Amino acid sequence: MRICLRSSFLALLLTSGILLAQSALSNDSITKMAKAGLGDDTIVAMIKSQPGTYRVDSDSVIQLKKDGVSDKVIGAMIDKNSGGSTPNAAPSPAATSLAPAVDEVGIYYKNKDDKWVEILPEVVNWKTGGALKRFASDGIVKGDVNGHIEGKNSKNGLNTPLDFLIYMPDGIAITEYQLLRLHESGNSREFRSVTGGVIHSSGGAQRDEVNFEGKKIAPRMYEIVLGDDVKTGDFGFLPPGATSSSNMASSGKMYTFHVIE
């Protein structure tokens, strides 16, 4: 009987020691496991079975993606928080990693404090073909779509380097967004775009388009770092569906910014 009690007591001590030694998982420990080559299923199982405190705000999720942590693992971290395991738990998986700084569809820029700030869109007045000739500084090729924005400059003055975040609606690809250069015209700005993705090589649409690449950092979320193609002046991201294919005047929106230096 004494031997049995001693064995039970030793087993209890060993079990208690293992539990005490098992520290709570964190973003750092998840990143270490991902970099060590552990599979997603293994990491997810540990997240589900062990205590953990995770940071799942937008900046933290972006850093996790940069460190090679998969969407599946990040989702498990968010699910763990949404179960009420930490005070910073997300209210639901739908709120996801985008809360609190990026909590709705739109375009954001990173400020000097490394925080994402929403860019509010400006209204674009659209006309096609020659209908906007009175706003243009030179000949407009019929078929191009011509945009007109009131005001000499965007209210969003930014310094280089330029770092943007696009959070897209469902069913939209990053390639459907256009980055366009805006041209001052009196007390307003104008630019040329195209419908259907068809570039008229002899027109101004090709001149105003600025190429960019988006890096996927989370579902429906892309980071865009602009290089030397963007100089001092006004530019704008044109979301899909913003142009009109008819010959009638219409309006849309554009996320504009002014590059200071």
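The values are calculated or read from the model by the stated rules, or taken from the named source; none is laboratory data. Given the structure is predicted, the values throughout are model-derived calculations rather than measurements. Just so you know, the surface numbers come from the protein's heavy atoms only, side chains and all, with ligands and any DNA or RNA stripped out. Shrake-Rupley method; radii C 1.70, N 1.55, O 1.52, S 1.80 Å.
Leaving ligands, DNA and RNA out of it, work out the accessible area of LEU179 with a 1.4 Å probe and give it in Å² to the nearest 10. Around 0 Å² of this residue is reachable by solvent. In the assembled protein chains, MET46 presents an accessible area of approximately 50 Å² (probe radius 1.4 Å). Beyond 31 Å in Cα-Cα separation lie the following of the pairs LYS152/LYS216; LYS80/LYS115; LYS48/LYS110; LYS155/LYS216; LYS80/LYS215; LYS115/LYS152: LYS152/LYS216; LYS48/LYS110.
Counting heavy atoms of the protein chains alone, SER70 has an accessible area of about 30 Å² for a 1.4 Å probe.
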